[in-house]
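The values are calculated or read from the model by the stated rules, or taken from the named source; none is laboratory data. Here the structure is a predicted model, which means the values were calculated and not measured. Methodologically, a virtual Cβ is constructed for each residue, glycine included, from the backbone with ideal geometry; neighbour enumeration extends over all protein chains shown. Heavy atoms of the whole protein, side chains included, go into the accessibility calculation; ligands, DNA and RNA do not. Shrake-Rupley method; radii C 1.70, N 1.55, O 1.52, S 1.80 Å.
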Amino acid sequence: MPSETKIAQSYVEKPKTLADLRAGISRGSVKAADLAASYYDRIDQANPRLNVYLSLTQERAMEQATRVDTAAAKGDPLGPLAGIPVGIKDVLVMQGAPTTAGSKILKGYRPPYDATAVRKLDAAGAVLLGKINCDEFAMGSSNENSAYGPVRNPVDTERVPGGSSGGSAAAVAANMAVATLGSDTGGSIRQPASFCGVVGVLPTYGRVSRYGLIAFASSLDRVGPFAANVRDAATMLGVIAGHDPKDATSSPAPVPDYATESDKPAEGLRIGVPAEYFGEGLDPEVRACIEGGIQALETAGCTVKPVSLPHTRYAIPTYYLVATAEASANLARFDGVRYGYRSPASDTLSAMYSHSRDEGFGAEVKRRILLGTYALSAGYYDAYYLKAQQVRRLLAEEFLRAFAKVDAIVTPTAPTPAFKLGEKSGDPLAMYLADIYTVTASLAGICGVTVPCGVTKAGLPVGMQVLAAHLNESTAFRVARAVEAAQG
Ligand code: GLN
C-alpha cells in the first residue's frame with residue numbers, strides 16, 4: 001500500500017488567502033511589489049526541488065506590481081485581483097514569454113499575444129509570476145510526461161503532484177503562487193488538486209475562453225483556476241469567465257458573482273451519490289474520506305440520495321478515443337516550420353517534417369497521435385470515433401437525467417492518493433484507467449470543483465469531486481464550501 005509509507009519531505013506552506021491579501025492591498029498594509037518579491041524568494045527556495053516553474057516573467061510582474069501600488073497610493077479603483085501573485089500553466093500563451101506546453105517541440109517559442117484568460121487576469125490587476133510545468137501538451141496524469149522533468153508533490157516530494165496541471169496545483173500547495181491557472185481535458189485540474197490538497201475548478205465547457213490555450217482536444221479542453229480555498233477559486237473564475245468573440249464555443253451567458261454565490265449555505269441542496277464511483281479499484285482510505293465528506297454535507301442540511309450513472313464503465317475508452325482523435329488533428333500544426341523546434345539535419349522538406357516531429361515530441365504524445373490517427377482512419381472511423389461520439393451523448397444525457405433529481409453529484413476525484421514517481425510511468429494503460437472518475441464530466445461538458453476532503457493515515461490529501469449541471473458552477477462552489485468548512 002503506497003499510502004502507508006512515510007512522507008519523505010514536505011514543502012507545504014499555507015498561503016494568506018487571496019481575499020486577505022487583496023484587502024491588504026486596498027488598505028495599503030500590503031505592497032504589491034513587496035508581495036511579488038516575497039513570492040519570487042519562495043520560488044527561488046522551493047523550485048530547485050519541486051520543478052514547478054519553467055520560466056519567470058519578473059519584468060512584467062514587477063511592472064504590474066508597481067502600477068498597482070501607484071494606483072493604491074492615489075486611491076484609484078483597483079481590480080479584483082490587484083497585486084495578487086498568480087502562475088500560469090505553460091499551455092496558455094503569454095505575450096513575449098517562453099511558452100513550451102511542456103514539450104521540446106515548442107522550445108524557444110515566444111507567442112506574440114496573451115491568451116484571453118491571461119489577459120483578463122492582467123486586466124484585473126493580477127501579478128503574473130511565470131509559466132508553470134505540466135505534462136507535454138497536457139497529456140498525462142502525473143506530470144512525468146514533461147520534457148523538462150517532473151514536478152514533485154509538495155506534500156511528499158517522492159510522489160507525483162498529479163497531472164497534467166501538476167505544477168499549477170503544486171504551486172498553490174507550496175505557496176509559490178496565491179492562485180494559478182490550469183487546463184482540464186479529462187481531469188487535469190481536478191486530479192492534481194486532489195493529489196496536492198488544493199481547490200481546482202473545472203468550469204462548464206465554454207464558460208472560459210480557450211483563445212490562446214494550446215489545443216489538446218478542442219471539444220474537451222477547458223481553462224480553470226486553482227486556489228488554496230473555495231472562495232478564492234470562485235473569485236478567480238469570476239475574473240476569467242465570460243464570452244469571448246475570439247472563441248466561438250464560449251458561452252454568452254452572464255457571469256454570476258461566484259465568490260458571493262459561494263457564500264450561500266448548502267442547506268437544502270440535494271446531493272447525488274453514484275454507486276458507479278465507489279466500486280472496484282477505489283482505495284479504502286479514499287472511500288472513507290469521501291464518505292466522511294458526504295456525512296458532513298448531511299450535517300450541513302443537504303439531502304443525500306443515490307443516483308445512477310451506468311455508462312460510467314464506458315467512459316475511459318470513449319474519452320481516450322475522442323481525446324486522441326482530436327489531438328492527432330490539433331498536433332498536425334507542429335511541423336518544424338511555424339513554431340519552435342526544427343530538426344537541423346534534413347535535406348528534404350518531408351524529412352524535415354518527420355525529423356522535427358520525431359525529435360520534438362515525447363513518447364506519450366506520439367502514442368496519442370498514433371492512436372488518434374488510427375481511430376480517425378477511413379476503415380475504422382465508424383467503429384471507433386463515431387461510436388465514441390454516440391456513447392459520449394449517452395453519458396451526457398445520463399448526467400442531465402440525474403441533475404433533474406439532484407443539485408450536485410459528489411464522488412472521489414481519483415481512486416487513490418498521489419502515487420510515487422515512476423510507479424505508473426511504465427504502464428500507460430494503468431495511468432489511463434486512473435482517470436475513471438474525471439473523464440465523465442469532461443465528456444458531458446458539465447462543471448465541477450475538487451475540494452480537499454481529508455487525508456490518509458500517511459497524511460496524503462484526498463479530494464472530493466463536486467459536479468453540477470452546465471453553467472451551475474455556483475452550486476458546485478456552495479457544496480464545496482460546506483465540505484471545506486467541515487474540514488476545519
Ligand atoms: N489524464 C488525462 C489525459 O492524459 C487528462 C489530461 C487533461 O485533462 N489534460 O488525457
| remark: Of the residues in region 378-401, those that are within 14 Å of Thr312 (Cβ to Cβ) and outside any helix (DSSP H, G or I) come to none
| query | For region 143-167, what are the residues that are assigned to a loop (DSSP other than H, G, I, E, B), more than 14 Å from the ligand (Cβ to nearest atom) and on the phi < 0 side of the Ramachandran plot? | reply | Ala147, Tyr148, Pro150, Val151, Arg152, Pro154, Val155, Thr157, Glu158
| field | Among the residues listed as Thr324, Thr312, the single one being in contact with an Asp or Glu (Cβ under 7 Å, 6 or more places away or on another chain), at pLDDT 95 or above, open to solvent by less than 20 Å² (accessible area, probe 1.4 Å) and part of a helix (DSSP H, G or I) | value | Thr312
| message | Going by what's in this entry, would Asp221 be described as near the ligand (Cβ under 10 Å from one of its atoms) and not small (Gly, Ala, Ser)? | response | yes
| field | Pairs, first assigned to a helix (DSSP H, G or I) in region 100-111, second charged (D, E, K, R), C-beta under 8 Å, six or more apart | value | Lys104/Glu359; Ile105/Arg357
| query | Which of the following residues is more than 16 Å from the ligand (Cβ to nearest atom) and open to solvent by 30 Å² or more (accessible area, probe 1.4 Å): Ala329, Ala363, Ala378? | reply | Ala378
| Do we find a residue being open to solvent by 10 Å² or more (accessible area, probe 1.4 Å), within 15 Å of the ligand (Cβ to nearest atom), over 19 Å from Leu460 (Cβ atoms) and assigned to a loop (DSSP other than H, G, I, E, B) anywhere in region 200-208? | yes
| said: I'd like to know if region 165-175 contains one or more residues that are among the polar types (S, T, N, Q) and in contact with a Ser or Thr (Cβ under 9 Å, 6 or more places away or on another chain). | reply: yes
| said: If I filter region 399-409 for residues that are more than 16 Å from the ligand (Cβ to nearest atom), more than 23 Å from Val439 (Cβ to Cβ) and open to solvent by 10 Å² or more (accessible area, probe 1.4 Å), do I get at least one hit? | reply: no
